[in-house]
Amino acid sequence: MKYDLHVHSKEVSPCGKMSVTEMVDAYKDKGYQGFWLTNHFHEEFLELTEGMDWKARAEFFTEPVRTAVKYAGDDFFVGLGMEIRFLSDPNDYLLIGVNERMIFEEAEGWLNMDLKSFYEKYHERLMIIQAHPNRRDSSSPADISFLHGFEAINSSPRHENYNEITQHTLCLNPRLIPTAGSDSHRPEDVGRTGIITETLLSSTEELLSLLKNRDYKLIDPEDSL
């Protein structure tokens, strides 16, 4: 079973070129059983939703997942995730374990936090994975004391991600959980990497358990071409 843990859609991520339903169709065509929609949550999101109150902003962020779930049918899973960038930090972090209630009731103040304060408050409720930590044009490795893991493989073809440096860090710090994601924005990004499991996943809770138990393999982008 194949799942992608880093996918965007143009409804919330303006850098995206595909709607969430187009993403569902594309991933089905690639033989995947699902993905987690990790749309951007950062300063540009606030600009995009300027004039909305928080309830409207939360609706705007979560609506694509609801649309995708209805569209995908029972044979394809779409989970809610988030790629957050705090206002004081240029790095991006994938949040696994978020749900709609948390976004509506708690996320309004998240962007004003920093990684340390966010980890201290949420490390038992969420899994915090730094996305593309060695992407030289935008990111640098954060303090691993405040992370659950690193994105070991980011297969975006438009960036120098230096995945091999990230993987070396993961080898030196076996506590950290490795993930893989296509960072999909456009058709050419779809299904280049992700994780392989032996069982179907039907909830984010199952994904969290799978990652914690290391009961998965990363997809080598070379094998998907």
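Some points to look at:
- Residues in the range 156-175 that are of a type in the set (D, E, K, R) and within 15 Å of Gln130 (Cβ to Cβ): Arg175 alone.
- Flag for Val24 being closer than 21 Å to Ile195 by Cα, among the aliphatic types (A, V, I, L, M) and crowded, with 16+ Cβ neighbours inside 10 Å: yes
- Residues satisfying the stated conditions in the range 27-59, i.e. surrounded by fewer than 22 Cβ atoms within 10 Å (Cβ to Cβ), closer than 21 Å to Glu198 by Cα and of a type in the set (Gly, Ala, Ser): Gly31
- Annotation: of all residues in the range 170-204 being more than 15 Å from the chain's Cα centre (by Cα) and among the charged types (D, E, K, R), the one that is farthest from Val20 (Cα to Cα) is Arg175.
- Number of the condition not met by Asn112 [criteria: (1) within 18 Å of the chain's Cα centre (by Cα); (2) over 27 Å from Leu201 (Cβ atoms); (3) not aliphatic (A, V, I, L, M)]: (1)
- Count - residues of the range 60-90 that are surrounded by fewer than 11 Cβ atoms within 10 Å (Cβ to Cβ) and more than 27 Å from Tyr119 (Cβ to Cβ): 4
- Some residue of the range 81-88 being hydroxyl-bearing (Ser, Thr, Tyr) and in contact with a strand residue (DSSP E or B) (Cβ under 6 Å, 6 or more places away or on another chain): no
Read the figures in this text as sums done on the coordinates, not as results from a lab. Keep in mind the model is a prediction, meaning the values are calculated, not measured. All Cβ positions, even for glycine, are placed from backbone atoms using ideal geometry, and neighbour counts span all protein chains on display.
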